[in-house]
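S.K.: Pasting in a structure now, in structure tokens, and then I'll have a few things to ask.
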Amino acid sequence: MALVHGPFDAIKDIVRGREAIRLKVRVVRIWEICQSSNPSNVFSVDMVLVDSQGGRIQASIRKAMIRRFRNSIVEGGVYRMCYFGIIENGGEYRGTFHEFKLLFQPRTTIYPAESELIPRFGVAAKTSEEIQQTDGVSDYLFDFIGLLTAVGEEKEFKKFGRTIRVLEVELTDDKGVVKCSLFGHFIEIMKTFLESGVDELAIMVVQFAKVKSYLGRVSIYTVSNSTRLLWNPQIPEVMSFKDSIALNGMDMHVPIRLLGANHFSLSPTEDFLTHFPRKTVEELHLTEEAGFFICLGKVEAIVKTDFWWYMACKCHRSVNLDESGEYYCSNCENIVTDVTPRFRLKLGVTDVTETALFAVFDYDVAALLAKSCASLVGDAKVPSLDYPAELDSSIGKELLFKVEIKDDRAFKFDDSFKVRRVCDDEDIINEFKEATSVRTPEMSKMKEPVFELVEGGGGSHNAEASKSAALGELYNESEINASTVGEPSVVSACLAPQKRKSAPRAGKKDVALKVVKIEKE
């Protein structure tokens, strides 16, 4: 009994060779490791222990010891413990980054205790930047805190004769974006939260998740027994997260969007494959119809003669910095303090028929780059023409664009088509190709072209000169293997676009597009 009283050892000081360690810890997570074909056959009970210094270590109750200890330990409880076996922390599902792991033995003793100094959940969150640095290969389980910025559509696929359900969500911190794939009962947890009437971004804590990489994109995914999801918990780690995003100007008052969309109720499959007419770039220039159109194109360049971001109010309208150094929103007609930087890019897009400028905005750019605008802007208060290198990662990508053409051609930018949604889902792009003869050209090996806008020029485009740029890696927004996932069948009539009166062709009004600074390698 005396060995279980203080002073207690710190988890960080645990080393092999000394079994009579004395710990005062909280069991922040406990899960069973079972036989997949027979869940009632439990091989071991694993847990993560946290002490008052925030140290974490995994402990395991092997099968022979389960009956002795399992009912004595409750998740969230604080205990005084001593006498453990100490082994190397190994395996493919390591709950902590500690060098060692504890084993319960016949000599292990446990007594209930109390402590307000030990963290309730023991969150040890990594940033999105650190998640990406794993390259999707790690035997450790990770914690992540992020704003829920988008939710995808639920999918199903077959594996080992079983139907697996998956739902992908997007989480954002001050360093970038991480996609998280939810499986099984975690989907119901997400749906319950969304059905509760939430209409603003929520802070989501994901604990003990695995990382993986698919088509060059690193994401996290839930593990059935170990992962835990928390919504807006009032804990110090979340308070610190709120402070970090506030310092970086991130907006926490934007409705949760459909993954890959800008506040659209249609799924990506419906939006890009069934609901709207398809057009080539040339047909976009020539059409006299108003409405939404789907266009497949390859990004050749970024127009670097315009500001690539703007400061926006909570109402999403741009704000101006007045002489006193305060932001004024003309839409709200007031001085505002809650502002955030948002992307606004012009992309040079081409297919085999023509070239055009597409204006793409915040949500879609952030999804393509896996970075928020705030993380690239930093402390800047006014837009800049200094383009960060990260923006070039979109060059070479083959994408589907949902383009809006209005009846009066009153675009926000009269030299470009306004894009309402972008899709980089490989399954949807391939299905689009199978149903149409539209193709993007194979580009020659040339350095990045720089597009310039030239007043006048009669609207002619040098198509041959514009079809260049390095081929970028195409990645699938979904982490589900395209060879095993079947898209749900969607049957819907296309919405007939409205006819409009004759008007100048979009994207060519007194503007010519030329390409300069192109050098062959």
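The values are calculated or read from the model by the stated rules, or taken from the named source; none is laboratory data. Fair warning: this is a prediction, and the values are worked out from it, not measured in the lab. Please note: Cβ atoms are built from the backbone with ideal geometry, for glycine as well, and neighbour counts cover all protein chains shown. All accessible areas refer to the heavy atoms of the entire protein, side chains included, with ligands and DNA or RNA removed. Shrake-Rupley method; radii C 1.70, N 1.55, O 1.52, S 1.80 Å.
S.K.: Apply the a/c threshold of 1.5 to the C-alpha gyration tensor of region 128-245 and tell me whether it is rounded, prolate or oblate.
M.R.: Note, shape of region 128-245 comes out oblate.
S.K.: On to the next question. Grab the other residues whose beta carbon is less than 15 angstrom from that of V25, score K and R as +1, D and E as -1, and report the net.
M.R.: Values: positive: K12, R22, K24, R26, R29, R56, R80, K101, R120; negative: D9, D13, D46, D51, E75, E114, E116.
Spelling it out: positives minus negatives among the neighbours equals +2.
S.K.: For Y140, what residues show an amide H to amide H distance below 5 Å, using hydrogens built from the backbone and excluding near sequence neighbours?
M.R.: Those lying under 5 Å, H to H, from Y140 are R94.
S.K.: What are the ³J(HN,Hα) values, in whole Hz, obtained from phi via the Karplus relation 6.51 cos²θ - 1.76 cosθ + 1.60 with θ = phi - 60°, for each residue of region 64-80 in sequence order, with x given for Gly and Pro?
M.R.: 5, 9, 4, 4, 6, 10, 4, 7, 8, 10, 10, 4, x, x, 9, 9, 9
S.K.: For D306, what residues show an amide H to amide H distance below 5 Å, using hydrogens built from the backbone and excluding near sequence neighbours?
M.R.: Amide H to amide H, under 5 Å and 5 or more residues apart or across chains, D306 pairs with nothing.
S.K.: From the backbone phi of region 273-290, what are the Karplus-calculated ³J(HN,Hα) couplings (6.51 cos²θ - 1.76 cosθ + 1.60, θ = phi - 60°) in whole Hz, Gly and Pro given as x?
M.R.: Working through the residues one at a time gives 10, 10, 9, 9, x, 9, 9, 7, 4, 4, 5, 4, 5, 8, 5, 10, 8, 10 Hz.
S.K.: Going from most exposed to least, what order do R29, R62 have by accessible area with a 1.4 Å probe?
M.R.: Result of the area sort, largest leading: R62, R29.
S.K.: Sort largest first and round to whole Å: the equivalent ellipsoid semi-axes of region 1-156, each the square root of five times a Cα gyration tensor eigenvalue.
M.R.: Semi-axes, largest first: 28, 20, 16 Å.
S.K.: For a Förster distance of 25 Å, can you work out the FRET efficiency between the beta-carbons of C34 and Q105, rounded to the nearest 0.05?
M.R.: It comes to 0.65.
S.K.: Can you tell me which of 47-59, 223-235, 153-165 comes out highest on packing, and rank the rest after it, using the mean Cβ neighbours within 10 Å?
M.R.: On the way: 47-59: 21.4, 223-235: 16.0, 153-165: 12.2.
Result, highest mean Cβ count within 10 Å first: 47-59, 223-235, 153-165.
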